[in-house]
1. Taking A129 as the residue in question, decide whether it is in contact with a strand residue (DSSP E or B) (Cβ under 8 Å, 6 or more places away or on another chain) and surrounded by 19 or more Cβ atoms within 10 Å (Cβ to Cβ).
2. Under 9 Å between Cβ atoms, which residue pairs at least 6 apart in sequence (or on different chains) link something in the range 7-33 that is closer than 13 Å to L65 by Cβ and open to solvent by 70 Å² or more (accessible area, probe 1.4 Å) with a partner that is at pLDDT below 85 and charged (D, E, K, R)?
3. Within the range 203-217, count every residue that is open to solvent by 70 Å² or more (accessible area, probe 1.4 Å) and either part of a helix (DSSP H, G or I) or more than 22 Å from I126 (Cβ to Cβ) (or both).
4. Out of curiosity, is R120 within 27 Å of D12 (Cβ to Cβ), in contact with a Phe, Trp or Tyr (Cβ under 8 Å, 6 or more places away or on another chain), buried (at least 18 other Cβ atoms within 10 Å of the Cβ) and of a type outside the set (A, V, I, L, M)?
5. Considering only the range 121-145, state which residues are at pLDDT below 90 and charged (D, E, K, R).
6. Are there helices (runs of 4 or more DSSP H) fully within the range 103-198 with at least 3 residues that are under 18 Å from I90 (Cα atoms), in contact (Cβ under 8 Å) with a residue 24 or more places away in the chain and touching an Asp or Glu at 6+ places or on another chain (Cβ under 9 Å)? List them.
7. Working only within the range 21-45, note down all residues that are of a type in the set (V, I, T) and modelled with pLDDT under 85.
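The values are calculated or read from the model by the stated rules, or taken from the named source; none is laboratory data. Because the structure is a prediction, the values reported are computed rather than measured. Here the Cβ positions follow ideal geometry from the backbone for every residue, glycine too, while neighbour counts run over all protein chains shown. Accessible surface areas use protein heavy atoms only, side chains included; no ligands, DNA or RNA. Shrake-Rupley method; radii C 1.70, N 1.55, O 1.52, S 1.80 Å.
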Amino acid sequence: WLCKRGRARSADQYRKVVSRWLDDPDTTEAAMTCSDYSPNYRRHLVACVRVWAKYIEDGDLLVRLGDIKRPAAIAKDVREPLDIDQWFDIRETIDELHEPKRSVCGLIAVRGIRCGDVLRLTKRDISRAIDTGTLAFEAKGERWQKFNAEPLKPYLEGLLGCRWHGKRVRNLVCPRSHDEVCQSSAGREIRRVFDKLAASFGMEPEDLYAHRFRHTY
């Protein structure tokens, strides 16, 4: 029911947000307007709780959620691809980074894979991709994605050569974070890398973000 009403978001995402809302509604509601979180994440929180409110037919909650001003989605605001020469320059700079950030940012920049999907890749996914030549994994919305692994091989091998602290790439980026918060922590860490890259190329931080490489690709 949640996936059908929520336009293909994964049931696991709904479970986490709704559980968080039921445990501490005040803190969750504060996060919906907090500038510490990205506009896309705040929209996601509101959307999940709104679907829950419709499901339990809580009219008061729907009214309260309707008063929360949702920010515009980042990816829909800016769809301009990077200049091709600039794209190659950024890729060369990424190759100078240390592992595992080099490989994570490389997968994002070279193929335009979503940052969240890269961070959810498992060691098994990477090993299978190197053996078969096809990178296959369950992506956003519980949909399977398949990519040619040949151009990505240096980055996949780089990840495989790291010292693994857990079963997912996010555990490589943030080895000391608790697994439940590791995905968002790793995402913020990669965001900082792109902020530094933007500064080195004289760009504003908001002009260089992971999803822009997807538009470029």
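1. Yes; evaluated as a whole, the condition is true for this residue.
2. Cβ pairs passing all conditions: T33/R42; T33/K69.
3. The qualifying residues number 3.
4. Spelling it out, R120 is indeed within 27 Å of D12 (Cβ to Cβ), in contact with a Phe, Trp or Tyr (Cβ under 8 Å, 6 or more places away or on another chain), buried (at least 18 other Cβ atoms within 10 Å of the Cβ) and of a type outside the set (A, V, I, L, M).
5. E138, K140, E142, R143
6. none
7. T33
The rows are residues; the columns are (1) aliphatic (A, V, I, L, M); (2) closer than 18 Å to Q13 by Cα; (3) in contact with a helix residue (DSSP H, G or I) (Cβ under 7 Å, 6 or more places away or on another chain).
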{"position": "A109", "(1), (2), (3)": "yes, no, yes"}
{"position": "R124", "(1), (2), (3)": "no, no, no"}
{"position": "W144", "(1), (2), (3)": "no, yes, no"}
{"position": "P175", "(1), (2), (3)": "no, no, no"}
